[in-house]
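Bear in mind that the values in this text are calculations on the coordinates, not laboratory data. Because the structure is a prediction, the values reported are computed rather than measured. Cβ sites come from the backbone with ideal geometry, for glycine too, and all protein chains shown count toward neighbours.
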Amino acid sequence: MSSIASELEKDSSWIVLRINPHHDILQAIYDELYAAIVQLHLSFSAEINLGIFKAEMNHNSLPEYSVFNLKSLLEAVSQKEMKVLITIDEVINTPQMVEFAHQFQVYTMENLPIFFLGTGLYENIADLQNEKTLAFLYRAPKIFTTPLDISAMASSYQSVFQIPTHKALKLAQLTKGYAFAFQALGMFILNAKTLRPSMKSCLFMIRF
């Protein structure tokens, strides 16, 4: 996901917003999209129509968030033939995520230039799409990743940490094939090298 987002950021026709799933997602999208428009100095006739009033495009006059105001920003982006990509890492079934999914569906039905790319554990994605009113998620393209190869991970651990094969294999098995666990465990061991020798010995005795 990060690679895709980074690649699209190089394209001037895309605005990429990385959103924290634990915050108010729609509010965060509105704030960050408005800030991105200001930063890019896009000339939407110097101002955009936000319902009953108009707002100068600067940080000091950000109108209060509403789904209508967010729609106005997306329409302004569309006028410049640009697109907005929303990325969310570790998608989970929360009220904020459900609200975002509902509104995202509305905006896409209105042909607004908003796209969503998310990652998450299978059970969390399944829990979200099992919401009765979010059936459209079943139709969304999905890429299911398989567990990492245990032997390849063990080889990497052995090479980096200069440890015996059987210990490297045991470390790899602890990750159960999860990419994040592979990275986190490796970083944990790397950081352990800065501990006092007695603590480091105790740590490796527990792990092995």
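Going by average Cβ neighbours within 10 Å, how do the peptides 4-14, 109-119 rank, with the highest at the top?
Values: 4-14: 12.4, 109-119: 16.0.
Top to bottom by mean Cβ count within 10 Å: 109-119, 4-14.
Go through 142/176; 10/142; 80/142 and tell me which ones have a Cα-Cα distance over 26 Å in this structure. Pairs exceeding 26 Å: 80/142. Calculated FRET efficiency, residue 161 and residue 18, Cβ-Cβ r, R0 35 Å, to nearest 0.05? The computed FRET efficiency comes out at 0.65.
Extending 7 Å from the Cα toward the beta-carbon at both residue 132 and residue 2 defines two label points whose distance is 4.0 nm. Straight-distance candidates among the aspartates and glutamates for linking to residue 170, with alpha-carbon spacing under 20 Å and chain neighbours fewer than 8 residues away dropped: 149.
Cβ neighbours within 10 Å, averaged per peptide: list 121-128, 145-152 in order, most packed at the top. Walk me through the intermediate numbers first.
Working: 121-128: 14.4, 145-152: 12.0.
Ranked by mean Cβ neighbours within 10 Å, highest first: 121-128, 145-152.
In summary, the aspartates and glutamates within cross-link reach of residue 71, defined as a Cα separation below 19 angstrom excluding same-chain residues under 8 places away, comprise 24, 31, 32, 47, 56, 81, 99, 110.
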